[in-house]
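Read the structure below first, then the notes.
Throughout, read-outs are computed from the coordinates displayed, never taken from laboratory work. The structure displayed is predicted, hence computed values, not measured ones. Heads up, the Cβs are rebuilt from the backbone with ideal geometry, glycines too, and the neighbour counts pull from every protein chain shown.
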Amino acid sequence: MRPESGQVLHFSEDPSITRFVPHRAATARQPEEYVWAVDHGRSPDYWFPRQCPRAMAWVVPGSSAADQERIIGPGCGERVHAIEYGWLERMRTAELYAYRLPAGVFRPFGDNAHVAVEPVVPLGPAERVGDLFELHEQAGISLRVLPNLWPFWDAVTASSLGWSGIRLGNAVARSVE
């Protein structure tokens, strides 16, 4: 599930939204109110249940072959996503929807999002995203299920790969060694 030209997407488990109103997210680091959306390249970051913690890594210009092989894995493409075993059943059963929004009212925010400061009406009804595992497979994204995200996260953030973590506050606690 990716946006078409001139669109951005908002993913939600609520299929009944008819208007997106700017708000300050509970996890926001900035005081402004926004409507949030993602573009084609970052849509896969949201092919998860909303509260699911996930760590993601991908090849960027300058990524070393050693990091790609060590973190993504030999023959595993250019991108990997990881979740914890505790989220596996939710990942299998989540009903996720995508809203197509007009890209023209959004502006880039950082390197992974787009924001609007005015209310936005979707271009149509919510679309069911479908099987989240199948989406990953069709996109050539390796999906790992781990007992704990933190060792993977530490390796990813110390690597030459691009990376992102979402809802990491919901992950299993770090092991104390």
Give me the extension gain from His40 to Arg128: residue separation times 0.36 nm, minus the current Cα-Cα distance, reported in nm with one decimal. 30.0 nm
Stretchable slack from Cys76 to Arg90, in nm (0.36 nm times residue separation minus alpha-carbon distance): 2.6 nm
What is the spin-label model distance, in nm, from Ala28 to Asn112 if the labels are put 7 Å beyond Cα along the C-beta direction? 1.8
Matching label for the computed mean projected area of the Cα convex hull in nm², out of [x] 9.5; [y] 10.9; [z] 10.3, is [y]
Enter the Cα centre distance for the pair segment 10-87 and segment 118-165, rounded to the nearest angstrom. 4
Return the percentage of antiparallel bridges among DSSP beta bridges fully within segment 20-161, rounded to the nearest 5 %. 75
If one builds a Gaussian network model of the chain from Cα atoms under 10 Å apart, the most fluctuating residue listed among Leu123, Leu132, Leu146 is Leu123
Per-peptide average of other Cβ atoms within 10 Å, ordering 19-30, 38-49 highest first: 38-49, 19-30
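Could you work out the relative contact order of the chain, using alpha carbon pairs under 8 angstrom and six or more residues apart, expressed as a whole percent?
Numbers: 335 pairs, mean separation 60.9, N = 177.
34 percent.
Mind checking the full-extension length gain between Arg144 and Ser64? Use 0.36 nm per residue of separation minus the Cα-Cα distance, one decimal, nm.
Working: separation 80, 0.36 × 80 = 28.80 nm, distance 2.09 nm.
Taking Arg144 through Ser64 to full extension adds about 26.7 nm, to one decimal.
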